[in-house]
Protein chains: 4
Amino acid sequence: MQKLTEEYLEDAIEDSKPYASSGQVNMDLPNFDETMKDLLGVTIITNEGESFSAGDHNHYIPMQSTSKIIGLMLALQDFGKDRVFQTVGMEPMGDFFNSISQLESYDTSKPFNPMINAGAIAIAALIKGKSVENRFNRYFDFLKKITNNNELQMSEEVYQAERANSARNRSLAYFMQSTGTLVTSVDDALELYFRMNSVMMCSEDFARVGAFLARGGMTSESEERLIPPHHLRTVKAIMMTSGMYNSSGHYAVEAGFPCKSGVSGSIIGAIPGRMGVGVIGPAISPKGNSTAGGALIKKLSQDLELNMFGIENT
Amino acid sequence: MQKLTEEYLEDAIEDSKPYASSGQVNMDLPNFDETMKDLLGVTIITNEGESFSAGDHNHYIPMQSTSKIIGLMLALQDFGKDRVFQTVGMEPMGDFFNSISQLESYDTSKPFNPMINAGAIAIAALIKGKSVENRFNRYFDFLKKITNNNELQMSEEVYQAERANSARNRSLAYFMQSTGTLVTSVDDALELYFRMNSVMMCSEDFARVGAFLARGGMTSESEERLIPPHHLRTVKAIMMTSGMYNSSGHYAVEAGFPCKSGVSGSIIGAIPGRMGVGVIGPAISPKGNSTAGGALIKKLSQDLELNMFGIENT
Amino acid sequence: MQKLTEEYLEDAIEDSKPYASSGQVNMDLPNFDETMKDLLGVTIITNEGESFSAGDHNHYIPMQSTSKIIGLMLALQDFGKDRVFQTVGMEPMGDFFNSISQLESYDTSKPFNPMINAGAIAIAALIKGKSVENRFNRYFDFLKKITNNNELQMSEEVYQAERANSARNRSLAYFMQSTGTLVTSVDDALELYFRMNSVMMCSEDFARVGAFLARGGMTSESEERLIPPHHLRTVKAIMMTSGMYNSSGHYAVEAGFPCKSGVSGSIIGAIPGRMGVGVIGPAISPKGNSTAGGALIKKLSQDLELNMFGIENT
Amino acid sequence: MQKLTEEYLEDAIEDSKPYASSGQVNMDLPNFDETMKDLLGVTIITNEGESFSAGDHNHYIPMQSTSKIIGLMLALQDFGKDRVFQTVGMEPMGDFFNSISQLESYDTSKPFNPMINAGAIAIAALIKGKSVENRFNRYFDFLKKITNNNELQMSEEVYQAERANSARNRSLAYFMQSTGTLVTSVDDALELYFRMNSVMMCSEDFARVGAFLARGGMTSESEERLIPPHHLRTVKAIMMTSGMYNSSGHYAVEAGFPCKSGVSGSIIGAIPGRMGVGVIGPAISPKGNSTAGGALIKKLSQDLELNMFGIENT
């Protein structure tokens, strides 16, 4: 087995960079342009608290869909598993993340799972608080504790872009209002959802979320549990079956540990009991996953023997 | 953590039996009737070779869909991962196991994955051999080695019932013939598929398949690898995302290890590096999973700390 | 062939009334309640200008979906057939009127046809005018001319109820905004659409719309054509294939002339070159058509030999 | 209005021929090749018994889907409307003719309508007779009477090609067997269906079928009714809403009379009370309709004022 060092990570970055050429930078995001195509950064934080970074690990990108796992954690803490999964399902689906057909065809009162847009909007609506502001602050405080980073910022620019380009999400939210799935107004649910997506993080921040999951709800800095570990088991299981859009099955086979990606090119990985991984690589595939980042995740799985389904490296 | 003993397993069986009342015995299977509703048996075989059984562990039932993982192993060995997944996908889908819509709507040349009927039929067509007889013998020999049981029998009665009640599977197979997915004739693919489903096994046999997966391709009796472990990683990953019909997401959350069920009420579980589990419990849910068997699987996961996504039992 | 007289119509009403018992009054509409269940009224206006009424023909109900054909006429006049059918299709579909799946699965830039909600909203967005107020006034003036009724009123109460209960239509509209189908803002399109649906009419008014279609764009009172007859051919053809929700095929067979229904229990029928029919009967089927009104339409077709597909009454 | 003469028809053929370039000859049919691309022939038979032909009217092509209306007539005669429409629906659908999804999604016991393959196979299974041979003979005799043509031949070559290329239809048939829709064996239903599709006809034969529909069940040669006219009303209504595959709505608007097409490039048109039209033009669109033939149908509608929805030619 490969030993985990920063030199190794630099080599892995170099090996994975060529895969960026098969992706496209998501130009809907403010300040995202062609110059970002070759960015690739990684941080790994072990359960023992060691941290290893390489490449463009200091580059900040918006969370986008990686926020879905934070929202799910908070909703689980606020309401417990039973109540949360009365609102959304927990089944994977092999369809695109912004599909509306499934809302109609499957069970009109439930999105398939919390990792698709409809499910995450329904989950955002659950998060407790007196106002959108208040609910976002709860989310943001929780995220700052998880990442042990008080300097995190929400990008006003990203947030405004999310709002300006929101027709499809608004369609999903109104559909869920019509079926009684949404427990708040459409505007309240979406306002919170857009803000959650707009927090800027670097690969270290993403890795800290992964490490938090890997350590069952403890940060590297504290032995205090922020959330019961059984809720994190739920989050990790759903990441495994549904975290990588309609390539989730592919990543279950090729990486073999829970991951969640965002269309900014972010990936959070969690290897239970071992380590958290954070990747940024803005060139994404048509399915929404970082192409170079995905290649890197698979290489790390192979070299560091992270595949939960395999007992050895063959 | 609960210590694994036969006494514990007997208790677990007693606790899980009441869940049988919410299921129905699949009367399409020969000799399946109401009297079987309360049958529940379990065997666990550890990677160290210890075996523990309880309940109706000597009762033989047909493999049904649990045969899908054996077929997948053989196809992977015959052709390798790349070729196999040119024929079928590896994405989960939140739809019923005999869905034909997905064949039309998604990618007409590929069933979603090898765990649904269409995918398993396409996989059966891949298995090498000069004739259906010859191909079935390869399958059967492989299964006998995995289970270390030369006494295994294919039930002629079950096989005839499969054939007699095959319209839906035939529809799936002809659809795949029309799209060029099927590499043999419809009859050849189905004949093999029906035979694969008709092998009779008891909970110990099912547990041995799970243990084979858990040990990365070795049986308890031999250190010889029958199949490279990386193929078994693939099989286990697909079991995790798609092994329990359209409750796969639910079992990923609630059991947290790879399982595959059949409508006879069989379940095979594999905890990588630790143990294999075999369950029989003929009362099944509308989605096709043993109700008492599923409850037992979840209880074992909780008590024996088998959930791969959790680092502790809380 | 039965001679058309008011006595005959009274008899036909009596024969059809029992069918109301299989329907339900749409309680989402203001002032609609159980007491309306047995209302049934009809007016027929021949191309020669004779008018025959029977039953509750003086009862006013909102247009609801019958407004879709007025909106389509206006859009055809404003933009011509080519431009209108760049925005919506002209194919029938056997699905529910408020389906959103079809928007996703078929051709994401086009609703199937102008008779389903999504299509009618897209059509409303096309109608020319500087403001919603101005566009509605154009619609309303056009409708007053067609019905030769300057006393028509839009019900503020119905309009407010439409707005309050608009989540599904808003979902459809935002979906079409996301695909670029909608040429105005969602709010502008919906505001106009809700007002169009809220004009109150009695069976005579509905019959006048039918007669206008039957006479190829002339009212009974004037030889001036308000709209070229070829546009009305288009409207009538689409009513035939798609005017009665997902019972359109049934009505093509059983009535055999173009009809359009609304969930208020209104039906407009047009027998080209012969007559227009207006029916009100608030008890509607699950598919959205007046049950007693539909029975009456079929009886009229039979007795008065209105079926365009048959050359005699056998 | 244009007077109907053979000279006019020759001119109409010339005007329509260029549309063949946008189509493709269906090479799945025996002896169909590029040289047939520019064939275009037409026959019109009026209700008064006059016959007018132009272009390649002597060219014989297989009936293909135009056989669906003959099968429907026979089933209506054998069982009556109620029984027939217990087996198939009468609703149009905007989907492809060989769609299987709709069988699953809509009402698993009923194909949408008798004009799609699944519906026509279910209808074929209804036709009375002791054997496939006997049932085909009933069909063939009926067709010979309708066309007044005892020389009609079934092409053994076309029939064998249908059988050899039958996977999709077999998939549809087995699906319907699995839902209990099919009242015979799959083989019996398909054998009859393939033969029905394989009868060779020229434009005069096709026109005679149209004239038979237009005259309400009488042939030009006889005043004897072969089938009650109300059954033909049903057939014509279903042709209007569903006869031209998923361009049926387009033809309702642009031609405005009942038509049925086949992928051999055949079209049967029926203008109730006036005339029948038969067209052959083997270059077909992706939706399955003759491109030049379709252009000709629309031109005839315009010039000869055949649109049932319009009272004048403007």
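The values are calculated or read from the model by the stated rules, or taken from the named source; none is laboratory data. Quick caveat, the model's predicted, so the values are computed rather than measured. Because the Cβ atoms are built from the backbone with ideal geometry, glycine has one as well, and the counts that use them run over all protein chains shown.
Determine which member of the set A:Phe206, A:Phe212 is among the hydrophobic types (A, V, I, L, M, F, W, C), in a helix (DSSP H, G or I) and touching a helix residue (DSSP H, G or I) at 6+ places or on another chain (Cβ under 6 Å). Let's see the steps before the verdict.
Details: A:Phe206 fails: touching a helix residue (DSSP H, G or I) at 6+ places or on another chain (Cβ under 6 Å).
That would be A:Phe212, the only listed residue that is among the hydrophobic types (A, V, I, L, M, F, W, C), in a helix (DSSP H, G or I) and touching a helix residue (DSSP H, G or I) at 6+ places or on another chain (Cβ under 6 Å).
I want to confirm something. Restricting to region B:221-235 and keeping residues that are closer than 28 Å to B:Glu162 by Cβ and over 11 Å from the mean Cα position of the chain (by Cα), which single residue is nearest to the other protein chains (Cβ to nearest Cβ)?
Pass one, region B:221-235, residues closer than 28 Å to B:Glu162 by Cβ: B:226-227, B:231-232, B:234-235.
Applying the additional criterion that residues be over 11 Å from the mean Cα position of the chain (by Cα) yields B:226-227, B:231-232, B:234.
Numbers: B:Leu226: 14, B:Ile227: 11, B:His231: 10, B:Leu232: 8, B:Thr234: 5 Å.
Top of the filtered list is B:Thr234.
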Pull up region D:246-260, narrow it to residues that are touching a Lys or Arg at 6+ places or on another chain (Cβ under 9 Å) and in contact (Cβ under 8 Å) with a residue 60 or more places away in the chain, then point me to the one that is nearest to the other protein chains (Cβ to nearest Cβ). D:Asn246
Only one of (1) more than 11 Å from every other protein chain (Cβ to nearest Cβ); (2) within 19 Å of D:Asp141 (Cβ to Cβ) is not met by D:Leu213, so which one is it? (1)
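Being of a type in the set (Asp, Glu) and assigned to a loop (DSSP other than H, G, I, E, B) is the filter; apply it to region B:29-50 and report the residue that is nearest to B:Ser222 (Cα to Cα). Reasoning before the result, please.
First, pick out the residues of region B:29-50 that are of a type in the set (Asp, Glu): B:33-34, B:38, B:48, B:50.
Restricting the remaining residues to those that are assigned to a loop (DSSP other than H, G, I, E, B) gives B:33, B:38, B:48, B:50.
Values: B:Asp33: 38, B:Asp38: 35, B:Glu48: 12, B:Glu50: 14 Å.
Checking each candidate, the answer is B:Glu48.
Which residue out of C:Leu74, C:Leu4 is more than 14 Å from chain D (Cβ to nearest Cβ), in a helix (DSSP H, G or I) and more than 30 Å from D:Gly89 (Cα to Cα)? Break it down stepwise before answering.
Details: C:Leu4 fails: in a helix (DSSP H, G or I).
On inspection, the qualifying residue turns out to be C:Leu74.
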Just one of (1) in contact with a Pro (Cβ under 8 Å, 6 or more places away or on another chain); (2) crowded, with 23+ Cβ neighbours inside 10 Å; (3) of a type outside the set (Gly, Ala, Ser) trips up B:Arg208, so point out which. (1)
Consider A:Met218 carefully, then state whether it is at pLDDT 95 or above and within 13 Å of chain B (Cβ to nearest Cβ). no
The lone exception for D:Asn148 - which of (1) within 14 Å of another protein chain (Cβ to nearest Cβ); (2) under 21 Å from D:Leu213 (Cα atoms); (3) of a type outside the set (Lys, Arg) it fails: (1)
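Which residue, of D:Ala20, D:Ala12, is surrounded by 14 or more Cβ atoms within 10 Å (Cβ to Cβ), closer than 30 Å to D:Gly216 by Cβ and touching a strand residue (DSSP E or B) at 6+ places or on another chain (Cβ under 8 Å)? Working first, answer last.
Details: D:Ala20 fails: closer than 30 Å to D:Gly216 by Cβ.
Checking each option against the conditions leaves just D:Ala12.
To keep it simple, each residue is scored yes or no on (1) surrounded by fewer than 22 Cβ atoms within 10 Å (Cβ to Cβ); (2) in contact with a His (Cβ under 9 Å, 6 or more places away or on another chain); (3) facing chain A (nearest Cβ under 10 Å).
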| position | (1), (2), (3) |
| --- | --- |
| B:Ser264 | no, no, no |
| B:Gly273 | yes, no, yes |
| B:Val279 | no, no, no |
| B:Pro282 | no, yes, no |
| B:Ser285 | yes, no, no |
| B:Glu305 | yes, no, no |
With respect to C:Ala118, is the statement that it is outside the structural domain of C:Tyr245 (by TED's automatic domain parsing), touching a Phe, Trp or Tyr at 6+ places or on another chain (Cβ under 7 Å) and assigned to a helix (DSSP H, G or I) true? no
Of the residues that sit in region D:184-201 and are buried (at least 22 other Cβ atoms within 10 Å of the Cβ) and of a type in the set (A, V, I, L, M, F, W, C), which one is nearest to D:Ala173 (Cα to Cα)? D:Val186
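Taking the condition of being touching a residue at least 60 places away in the same chain (Cβ under 8 Å) and either in the same structural domain as D:Ser222 (by TED's automatic domain parsing) or closer than 23 Å to D:Met90 by Cβ (or both), how many residues in region D:121-136 meet it?
Kept after step one, since they are touching a residue at least 60 places away in the same chain (Cβ under 8 Å), are these residues of region D:121-136: D:121-122, D:124-125, D:127, D:132, D:136.
When the remaining residues are screened for being either in the same structural domain as D:Ser222 (by TED's automatic domain parsing) or closer than 23 Å to D:Met90 by Cβ (or both), the result is D:121-122, D:124-125, D:127.
Residues that pass the stated criteria total 5.
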For the subset of region B:174-192 comprising residues that are free of Cβ contacts under 8 Å to residues at least 40 places away in the same chain and of a type in the set (S, T, N, Q), which member is farthest from the other protein chains (Cβ to nearest Cβ)? B:Ser185
Where A:Met90 falls short, out of the listed (1) within 17 Å of the chain's Cα centre (by Cα); (2) hydrophobic (A, V, I, L, M, F, W, C); (3) part of a helix (DSSP H, G or I); (4) at pLDDT below 95: (3)
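Within 12 Å of chain D (Cβ to nearest Cβ), of a type in the set (Ser, Thr, Tyr) and buried (at least 24 other Cβ atoms within 10 Å of the Cβ): does that describe B:Ser171? It would help to see each step written out before you state the result.
Details: within 12 Å of chain D (Cβ to nearest Cβ): yes; of a type in the set (Ser, Thr, Tyr): yes; buried (at least 24 other Cβ atoms within 10 Å of the Cβ): yes.
Taking the combined requirement at face value, the residue satisfies it.
Taking only region C:58-82 into account, find how many residues are surrounded by fewer than 22 Cβ atoms within 10 Å (Cβ to Cβ) and either closer than 30 Å to C:Ala292 by Cβ or touching a helix residue (DSSP H, G or I) at 6+ places or on another chain (Cβ under 8 Å) (or both). If you could, list the steps in order and put the result at the bottom.
First, pick out the residues of region C:58-82 that are surrounded by fewer than 22 Cβ atoms within 10 Å (Cβ to Cβ): C:58-60, C:77-82.
Then drop every residue that is not either closer than 30 Å to C:Ala292 by Cβ or touching a helix residue (DSSP H, G or I) at 6+ places or on another chain (Cβ under 8 Å) (or both), which leaves C:58-60, C:77-79, C:81.
Number satisfying all stated conditions: 7.
For region C:289-303, how many residues are more than 21 Å from C:Asn47 (Cα to Cα) and more than 14 Å from chain D (Cβ to nearest Cβ)? It would help to see each step written out before you state the result.
Pass one, region C:289-303, residues more than 21 Å from C:Asn47 (Cα to Cα): C:289-295.
Next, from what is left, pick out any that are more than 14 Å from chain D (Cβ to nearest Cβ): C:290-295.
Here the count works out to 6.
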Among helices (runs of 4 or more DSSP H) completely within region D:137-202, the ones holding 1 or more residues that are modelled with pLDDT under 95 and closer than 21 Å to D:Gly89 by Cβ are D:167-178
